[in-house]
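Every number in this text was worked out from the coordinates using simple rules, so none of it is lab data. Note that this is a predicted model, so its numbers are computed, not measured. As a convention, Cβ positions derive from the backbone with ideal geometry for all residues, glycine included, and neighbour counts pool all protein chains shown.
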Amino acid sequence: MDLDMVFNELSYPLPGANSETAKIMISNLVRTLRTARSLGVNLVLRSRDGLRRVRPVADVAYTVGTWMKNDADREQRLFLLRLDDKVPTSAAIQDEEARNLLASHEFSYQGEPARSLGVAQVLDSLAISFEGRCRFDSAVLEVTMLNRRNDENSVQPVNHAVRPDHLDQHRDWIAKRAVTDGREMWVKRQELFPNLLFCDSVDRTLRNVKRGEAVAGHIVRRLHELDQVAKAWTEGPFDHGSLPCRASPESISTMNDPTLRKQREFRCPDGLTRTFEWHLKLAPHAWRIHYIAERNQMRVTVGYVGPHLPTATT
């Protein structure tokens, strides 16, 4: 699963600043890009305007290209020359589902249109911003997605960095995103998600996830989040509400239907068949992760990863 970077156009231009501020902003940006690359992120930056044409500050005609020509040192210049700057942010997306999601949704951040952050969310990529605006000084941004087809809103996290220290919070995620496809995810499941058990049924759907499919990154993200909550679970009932994304049980009407209930029963590693009622949504994809948390064993088992199972209302 290719992990690209996406440049947040809302982080520029900065008003009321001079060329010296612009130089500092660009230098800090390059430091963050280089750190991300050293951790394993692809040397690809998706941007709305093309990085070299970007003016960091509003009142000065000083671009990243100007900085490269006049103020960058040799290593900084070579790094940016090697950077694959894809313009616009949605250019050359091979995954058809991702293209359809971008076409059918509008994205905003704190009420302002945020197309690039939307691309980062759909592709599960790393968003990058200039330093200078306090509202972007966070390792995670929450982006609002509006589905034009049914007017439904959802708020989704986007991993993000303004400074190299933000990337420290993403090291595990970046490492796990390095797996190339669903089959590799399955083979390395114990290494990637050591606090989770998996039913063999998961393999049957994961093996169909090919390299480059946007849903693959979202599977890794949700399993990583579930793995971290499972790791912290040492006593009492499992806290489904502590998961970053919303976890929910199936409706009573769905579970009372024998056929639908049967579709949520999976054979566990201990040989017993259990019902997996709780699930996570892989928004914006119509996929689910069904899991069970057993208090007597203090363990979390994943029974299903795949397209939304039929319910009493669908």
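List of remarks:
- In summary, the lysines within cross-link reach of LYS262, defined as a Cα separation below 22 angstrom excluding same-chain residues under 8 places away, comprise LYS281.
- Mean residue ellipticity, 222 nm, helices only, the chain: the sum of -39500 (n - 2.57) across DSSP H runs of n ≥ 4, divided by residue count and rounded to 500, is -9500 deg cm²/dmol.
- Each Lys and Arg contributes +1 and each Asp and Glu -1, all at the Cβ; summed about the Cα centre of the chain, the dipole is approximately 560 debye.
- Rg over Rh [alpha-carbon atoms, Kirkwood Rh] for the chain: 1.02
- Label sites at ILE174 and ASP95, each approximated as a point 7 angstrom past Cα along Cα to Cβ, lie 2.0 nm apart.
- Put the Cα centre of the stretch 266-284 next to the Cα centre of the stretch 171-238 and the gap is 14 Å.
- For the stretch 95-207: rounded, prolate or oblate by the Cα gyration tensor [a/c cutoff 1.5]: oblate
- For the cross-link pairs LYS86/LYS231; LYS210/LYS231; LYS23/LYS231; LYS69/LYS210, the ones whose C-alpha atoms lie over 32 Å apart are LYS86/LYS231; LYS23/LYS231; LYS69/LYS210.
- Computed over the chain, relative contact order equals 16 percent, with contacts defined as Cα pairs under 8 Å that lie 6+ residues apart.
- Largest to smallest principal axis extent of the C-alpha atoms in the stretch 44-162, angstrom: 51, 33, 24
- Rounded to 10°, Cα long-axis angle of helix 19-39 versus longest principal axis of the chain: 40
- Alpha carbon centroid spacing (whole Å) that separates the stretch 1-45 from the stretch 63-142: 8
- Calculated Rg and Dmax of the stretch 1-58 using C-alpha coordinates, Å: 12.3, 40
- Residue among ASP270, ASP59, ASP227 with the largest mean-square fluctuation in a Gaussian network model of the chain, springs linking Cα atoms under 10 Å: ASP270
- Computed over the stretch 179-307, the alpha-carbon pair-distance distribution with 5 angstrom bins reads 2, 11, 21, 24, 22, 13, 5, 1, each value a whole percent.
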